[in-house]
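The values are calculated or read from the model by the stated rules, or taken from the named source; none is laboratory data. Just so it is clear, the structure is predicted and the values come from calculations on it, not from any experiment. Here the Cβ is made from the backbone with ideal geometry for all residues, glycine too, and neighbour counts use every protein chain on show. Please note that ligands, DNA and RNA were not included when accessible areas were found on the heavy atoms of the full protein model with its side chains. Shrake-Rupley method; radii C 1.70, N 1.55, O 1.52, S 1.80 Å.
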Amino acid sequence: MRFLKYIFSILLLVIALPIITSCSAVTDHPDPCPAENDITLSFTMHTTARMSDGSRADGAGHEEVDSEYEEFEDAVNVNDFIFFIFVGEGDDATLLVKNKDIASSTDPTTMITGAPGSYTITTKIEKQHLETVLGHPARPTSDDEVKFRFLIFANCYSPKDDENTVGGGRFTNYDGLNIGVTTYKEVMDEAIQWGFNMDEIYNDNEGDSQVSGLYKGYIPMFGTNNFTTTERALYASRPDDRIYLGEIDLLRALAKIRVIDNIPDADKDADGYPKINNVVIESSQSHARQLPYDALSYINGNQVHTPNIFSDIVPGTDNVYRYKLGVIEGKAIPEVGNKTVRIGYIPEQRIAHVNGNVNEGMPQFVIAVDTKRNSDGSVEQEVYRIPMTGYKDDYIFEFGNNILRNHIYTLSVNRVKVGVPADITLSVVDWVQQSLTLDYTENVNISDRISWQSGTYENDNTETGELVLLPWHDNNVVEAICTFGISTPIGATWTASLPVIEGTPDAFKFVDESGNLVSTISGTVDGKTLSKLRIVSTDPSPRDTSKARLVVTVSLANGKYMEARICDAGKSYKNYTIVQNMQ
């Protein structure tokens, strides 16, 4: 799995616009106030597994269903994440902010910090840019409306190939997208052409993938929404008194396929047969369009019921692409209990007969069922081919003529008997969209940046953020001691940890108040007291150099977590690296 290169959804988006003409006493900036010519905008993305506000059934009568495998289906790769902010709300809304590489930014006011579970993104709006787009100087006392339009592309990278000639996820003229000039439509016109190669999702090499040797990439997502505030609120917003804007919902570009082994135990023999061995979905499309049909008119939060098919071809024998479904181990799915569920993903496409042959249809499930084990150990197998156009004249599916993005198609295999059609049911529901909620609650604010006690360490490289521990002295460990201060949220619990990134596992420990060595240590935010950490190495004579990140997270009242950036915000590193050199 791509370590520390993704974030999970549902995503909570928090925007803070500190005042231009004055500032709060509590700030995440290294200086008391941000520059007068800048507005700093930050949003924090948190993880939860489920929607917190219930279902949003769509107009087609489909109920909405959550993801089973959130780590993959809801994940956002922060190194493949582009966002834009426009002023205005129509196609001619004018570009104000663009960012395609926030994960690697070294600008102290443009950064992404955190770890899986919580990421904070901060970006800068230059005052002169906002005034240029608004067409007048800043007016902090004005109640005139300011309309913003946000645009987000996630997990969109796909290389060019013979079919996908423009690739995906990269603006060829990104440098030519000009602040104050480029419009929303002009940005969208290029993105509408993007395609996504399914090879970026599926991987046949089981040693380099995420689930059951199948999935290596993340699902492309797209979202846009309009928000309205006033100039007065915009310029007066402080970290402790923020305005509420709304939500952005991310729409996945693919459909999900599920196959449930629902064969009752009463039908099985003593060895557990029959049971599904493997499932392949045969698709007529090998690429997907990253944006939905009529994307310029797309309204935030809506499901789509018209496909945006990559290649307008009739399914045939020359364009069959086979994708194996994977088993999610250890996942409980409420509606199926402990049954084995296999999942896969396919692009939008037609549900049609192959070359006009009414006995064949695409897409098609190919289900291999192990029926019995023989005395010599061999296993007999029956293969069932189930087209989505209908099955053996007994099952006529009624979910339309197209596979639609962000929908889940579930096939339940209820009973099998050698030599006769399988007893199956097939249904479709909407897939919950991943939600970015723009809210202003419970920012973690740092009152005192990390400070290391002189004489307790060998070297502190403040340019790279590496602190080298002193070697053991006369067989006694030497503690490295630091302090930091978190001012809000009052009453929250902070937790420090030392995940090893190089060398020996458990190479470092904290020392608690009783002198015990512990892997994590916690405290309570009271807004007044500096917190102290005592860090030691565990090996008096290490043969290898070991390194660990010092990570401090804060638990919030809503059950989520946010990382506290206790390092100097003006540095390029986000966490201190603790080092024990080989002896």
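Just for the stretch 232-290: of the residues that are aliphatic (A, V, I, L, M) and more than 30 Å from Glu73 (Cα to Cα), which one is modelled with the lowest pLDDT? That would be Ile243. With a requirement of 3 or more residues that are at pLDDT 80 or above and not aromatic (Phe, Trp, Tyr), the strands (runs of 3 or more DSSP E) lying completely within the stretch 383-453 that satisfy it span 407-415, 445-452. Going through (1) assigned to a strand (DSSP E or B); (2) of a type in the set (Phe, Trp, Tyr); (3) surrounded by fewer than 20 Cβ atoms within 10 Å (Cβ to Cβ) one by one, Tyr573 falls short only on (1). Of everything in the stretch 541-570 that's aliphatic (A, V, I, L, M) and not in a loop (DSSP other than H, G, I, E, B), which residue is modelled with the lowest pLDDT? My answer is Met562.
For the stretch 441-487, the set of residues classified as under 18 Å from Phe508 (Cα atoms), of a type in the set (D, E, K, R) and either under 35 Å from the mean Cα position of the chain (by Cα) or open to solvent by less than 20 Å² (accessible area, probe 1.4 Å) (or both) consists of Asp460, Glu466, listed by residue number. Residues in the stretch 281-302 that are hydrophobic (A, V, I, L, M, F, W, C), open to solvent by 10 Å² or more (accessible area, probe 1.4 Å) and in contact with a Lys or Arg (Cβ under 8 Å, 6 or more places away or on another chain): Leu296 only. Each residue in the stretch 488-503 was checked for being outside any strand (DSSP E or B) and buried (at least 18 other Cβ atoms within 10 Å of the Cβ), and 4 of them qualify.
Entry remark, the stretch 172-192: residues being surrounded by 15 or more Cβ atoms within 10 Å (Cβ to Cβ) and at pLDDT below 90 number 0 in total. Selection of first residues in the stretch 225-246 that are within 16 Å of Ile299 (Cβ to Cβ) and of second residues that are at pLDDT below 80, restricted to Cβ pairs under 6 Å at least 6 apart or on distinct chains, gives the following pairs, ordered by first then second residue: Asn225/Ile248; Asn225/Asn300; Phe227/Leu245; Phe227/Gly246; Gly246/Leu438.
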